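K.L.:
The following block contains the structure, expressed as structure tokens.
The values are calculated or read from the model by the stated rules, or taken from the named source; none is laboratory data. On a predicted model such as this, the values are computed, not experimentally measured, just so you know. All Cβ positions, glycine included, derive from the backbone under ideal geometry; neighbour counts span all protein chains shown. Protein only, heavy atoms only, side chains kept; ligands, DNA and RNA dropped before computing areas. Shrake-Rupley method; radii C 1.70, N 1.55, O 1.52, S 1.80 Å.
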Amino acid sequence: MTVILADGINLGLTRMADTCQGATLRQLAHLHDWHISEAGYAEALGRMVAAHRGLPLASLWGDGTSSSSDGQLFHAGGRGAAISDINARNGSEPGVSFYTHISDQYDPFSTRVIAATAGEAPYVLDGLLYHANGLSIEEHYTDTGGASDHVFGLMPFFGYRFAPRIRDLKERKLHLFPGQHPGELLGGMAGDLINTNHIVEHWDDLLRLVTSIRSGTVTASAMLRKLGSYPRQNGLAVALREVGRIERSIFMLDWIQDLDLRRRTQAGLNKGEARNALARALFFNQLGELRDRRFENQAYRASGLNLLVAAVILWNTRYLQSAITTLGISDDLAQHIAPLGWEHISLTGDYRWNVDEQPEAGALRPLRVPASLLVA
């Protein structure tokens, strides 16, 4: 747990050995080299998510069938090779982005490291397809950075409904089938017609692509990056784009008419933003910057941070459940309480594991009852 905490709060093994009694740098380095892996982090996260989903309070926040994803930038200290790469959103400072998926029950079930200058859209499907947390996602939300015609085209093949919050939606075009007419109201939004013949010609190629991604032969992000690099020259890329235009046009019409869809998307993205605030608070050492440029170590920091966030959410949910029961708070109010607070957590100081002071298995510490309630 000391090694995981060193990753999660960005302290590193050397400084963790100085602040944690009873553990030397040699011991921590040995444990990290032999026992810390991405597979281990994934399994630990899966168990944490399963434990959280089993709590009654978690069911008030959602049924686990919708999720959202967003990238969070972490700067790299000093000057680096990426200083010349200018990103319209993040500027020219070097850094990486932790791209995280979170369910409607606040479970951060997937995270990965991507370049700060890379687009987020190719990685949307990775988090939905390659996790082992028992979640059955049906609807997924992103912001504009996670939306592209290729992502729209692939989502229906895997049974997901894609509902991104697209900036400047009025400037996007609707694409109709040959012979269809948009009418007077939508005439100004009509764009090029769908090339149905091209989709028919490459339909078998599309099915082979989907099968390869589903079987794990190739990741969705790898194929989407490759197809996005030459969308006009490759027939498969054009066919997938045409399918995506069909899906995006249907989604745009649903978005305009369905107020509940817009509210669900906004609520899902708000949960992701709130989770990012908690992650930023926990990842506070070294000014919240990644000083290690090795991708493997950066991935360990991202996975450790995500596991730590999941642990805080599980802890908060268990004690919120006890407090809500004690105070008699109704479910209508409880569903608006988020398990993302950290004011009660001591982030700095000496990190010690006092096993003798822990409550018994399944037991909780006594709640701190406000003085006003004791007087009443």
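K.L.:
Per residue of segment 306-318, in order, report the coupling 6.51 cos²θ - 1.76 cosθ + 1.60 (Karplus, θ = phi - 60°) as ³J(HN,Hα) in whole Hz, putting x for Gly and Pro.
P.N.:
Once θ is set to phi - 60°, the couplings for segment 306-318 become 5, 5, 5, 4, 4, 5, 5, 5, 5, 4, 4, 5, 4 Hz.
K.L.:
So if we plug the beta-carbon distance of A267 and T65 into 1/(1 + (r/R0)^6) with R0 = 22 Å, what FRET efficiency do we get, rounded to 0.05?
P.N.:
0.95
K.L.:
Ignoring solvent entirely, what values of log10 I(q)/I(0) come out of the Debye formula for segment 199-266 at 0.17, 0.23 Å⁻¹ when each Cα is a single scatterer?
P.N.:
-0.74, -0.96
K.L.:
Another question, if that's okay. Leaving out ligands, DNA and RNA, what percent of the accessible area of the chain is carbon and sulfur, probe 1.4 Å?
P.N.:
53
K.L.:
Okay, next question. Which whole-number percent gives the relative contact order of segment 37-193, counting Cα pairs below 8 Å spaced six or more residues apart?
P.N.:
Across segment 37-193, relative contact order equals 20 percent.
K.L.:
Right, another one. Can you tell me the accessible area per residue over the chain, all protein chains present, probe 1.4 angstrom, in square angstrom?
P.N.:
53
K.L.:
So, with +1 on the Cβ of K and R and -1 on the Cβ of D and E, and no other charges, what is the size of the charge dipole of the chain about its Cα centre, to the nearest 20 debye?
P.N.:
For the chain, the charge dipole is close to 540 debye.
K.L.:
While we're here: Quick one: Karplus J couplings for segment 334-348, per residue in order, coefficients 6.51, -1.76, 1.60, θ = phi - 60°, nearest Hz, x for Gly and Pro?
P.N.:
Result, ordered by residue: 5, 5, 9, 9, 9, x, 10, x, 9, 4, 8, 9, 7, 7, 10 Hz.
K.L.:
Restricting to DSSP H runs of at least four residues, report the calculated mean residue ellipticity at 222 nm for the chain, -39500 (n - 2.57) per run over all residues, nearest 500 deg cm²/dmol.
P.N.:
-14500 deg cm²/dmol
K.L.:
Let me ask another. If packing is taken as the mean number of other Cβ atoms within 10 Å per residue, what is the order of 215-227, 233-245, highest first?
P.N.:
Highest-to-lowest ranking by the protection proxy: 233-245, 215-227.
K.L.:
So, in Å, what gap is there between the alpha-carbon centers of segment 25-77 and segment 306-376?
P.N.:
Centre-to-centre distance over Cα atoms comes out at 19 Å.
K.L.:
Pull up all non-local amide H partners of D70: gap of 5 or more, or a different chain, and H-to-H distance under 5 Å with H placed in the peptide plane.
P.N.:
Under 5 Å from the amide H of D70 lie the amide H atoms of T100, each far enough along the sequence or on another chain.
K.L.:
Per 0.36 nm of contour for each residue apart, how much would the distance between S215 and E343 grow if the chain were fully extended, relative to their Cα-Cα spacing?
P.N.:
Result for the pair: 41.7 nm of gain on full extension.
K.L.:
Amide H of A190 versus every other amide H placed in the peptide plane: which residues, excluding those fewer than 5 positions away on the same chain, fall under 5 Å?
P.N.:
Residues meeting the amide H criterion: L174.
K.L.:
Could you rank the peptides 109-121, 20-32 by their average count of other C-beta atoms within 10 Å per residue, with the highest value first?
P.N.:
Descending packing order for the listed peptides: 109-121, 20-32.
K.L.:
Could I ask something else about it? On the first, second and third principal axes, largest extent first, how far apart are the outermost C-alpha atoms of segment 298-370 in Å?
P.N.:
42, 30, 22
K.L.:
To the nearest 10 square angstrom, what accessible area does D332 show with a 1.4 Å probe?
P.N.:
Counting only protein heavy atoms, D332 exposes about 110 Å² to solvent.
K.L.:
Taking Kirkwood radius over Cα pairs in Å as the quantity of interest, determine which of (1) 26.8; (2) 22.3; (3) 22.9 was computed from the displayed structure.
P.N.:
Of the labelled values, this structure produces (3).
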